[in-house]
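Bear in mind that the values in this text are calculations on the coordinates, not laboratory data. As the structure is a computational prediction, the values presented were derived from the model and not from experiment. We place every Cβ from the backbone using ideal geometry, glycine too, and count neighbours over all the protein chains shown.
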Amino acid sequence: MPEPDCRLYLITPPALPDLPGFAEDLARALDAGDVAALQLRLKDVPDAAVLRAAAALIPVAQARGVAVLMNDRMDLAKQAGCDGVHLGQGDGDPVAARKLLGPEAMIGVTCHASRHLAMEAGEAGADYVAFGAFFPTGTKETMHQADPELLEWWSEMFEVPCVAIGGITAANCPPLVRAGADFLAVVGAVWNHPEGPAAGVRAMNMAIASA
């Protein structure tokens with residue numbers, strides 16, 4: 001079956017107090033529908049806790065053909081055996097990440113709402129650029145507001161895939177899909193779904209398909 005033009009990019013909650021339980025939730029979520037990638041994004045926890053989470057979650061995702069990326073830390077991505085890394089603007093450059101992680105690694109770069117940053121990332125060898133936030137989000141403070149027109153421009157001008165992020169839900173995602181987003185990055189839309197994470201994945205997949 002061909003892959004859809006736009007796919008789901010799942011990000012972990014910022015804290016995982018019950019790691020075994022979360023691993024089970026992750027398995028159910030990934031079994032519920034199409035997910036392209038999982039970003040391990042834990043905040044304000046020791047490196048050892050990040051590595052423990054990676055050891056528990058990477059096998060679950062990779063067994064289902066889902067790439068696992070470490071947020072921010074290329075050194076931990078290497079240590080944990082992740083498929084790649086997602087770099088914020090202050091987390092190092094794609095060239096250094098490529099050198100450390102190898103030619104097969106998936107390297108993404110946060111570009112906020114900036115065409116200039118996205119072009120720089122593409123020229124530096126990023127495998128995808130991430131734009132956002134498109135909607136208000138409780139996951140992190142919104143410093144940059146992106147517009148769907150940015151996705152249209154990027155997808156028309158460049159081959160490098162683009163990720164839309166920031167407050168995305170099944171209800172508000174259709175304009176982003178139509179604008180050319182290759183991936184929709186979500187946290188709350190899946191993990192906070194009232195019927196559970198599996199239902200969240202199904203709802204996002206249905207919204208993408210019907211957009």
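Details
- Its Kirkwood hydrodynamic radius, worked out from the mean inverse distance over all distinct Cα pairs, puts the stretch 56-122 at 12.3 Å.
- Computed extension gain for LYS43 through GLU120, at 0.36 nm per residue and net of the alpha carbon distance, reaches 25.1 nm.
- Global size of the stretch 97-136: 11.2, 35 Å for Rg and Dmax (C-alpha atoms, Rg to one decimal, Dmax whole).
- Equivalent ellipsoid semi-axes, the stretch 69-162, via Cα gyration tensor eigenvalues times 5, rooted, Å: 23, 16, 10
- Against the empirical 2.2 N^0.38 Å (N residues), the stretch 161-208 has a Cα radius of gyration ratio of 1.06.
- When the convex hull of its Cα atoms is projected in every direction, mean area for the stretch 11-74 (nm²): 4.0 nm²
- Using 0.36 nm per residue and subtracting the Cα-Cα separation, the extra length available between ASP31 and ARG178 on full extension is 50.4 nm.
- As a calculated quantity, the FRET efficiency between ALA211 and ALA96 at R0 = 45 Å, using C-beta atoms, amounts to about 0.80.
- For the stretch 1-111, dividing the convex hull volume of the Cα atoms by the residue count gives 110 Å³ per residue.
- Overall dimensions of the chain as given by Cα atoms, namely Rg and Dmax in Å: 15.8, 43
- About the centre of its Cα atoms, the chain shows a dipole size close to 380 debye [charges on the beta carbon of Lys, Arg (+1) and Asp, Glu (-1) only; nearest 20 debye].
- Computed from backbone phi, the HN-Hα couplings of the stretch 76-92 come to 6, 4, 5, 5, 7, x, 5, 7, x, 9, 10, 9, x, 5, x, 10, x Hz, rounded to whole numbers (Karplus: 6.51 cos²θ - 1.76 cosθ + 1.60, θ = phi - 60°; Gly and Pro given as x).
- GNM top mover of GLU152, GLU195, GLU120 - the chain, alpha-carbon springs below 10 Å: GLU195
- Extension gain, GLN62-GLN79: 0.36 nm per intervening residue step, less the Cα-Cα distance, totals 4.5 nm.
- Over all directions, the projected convex hull of the C-alpha atoms in the stretch 109-198 averages 5.8 nm² in area.
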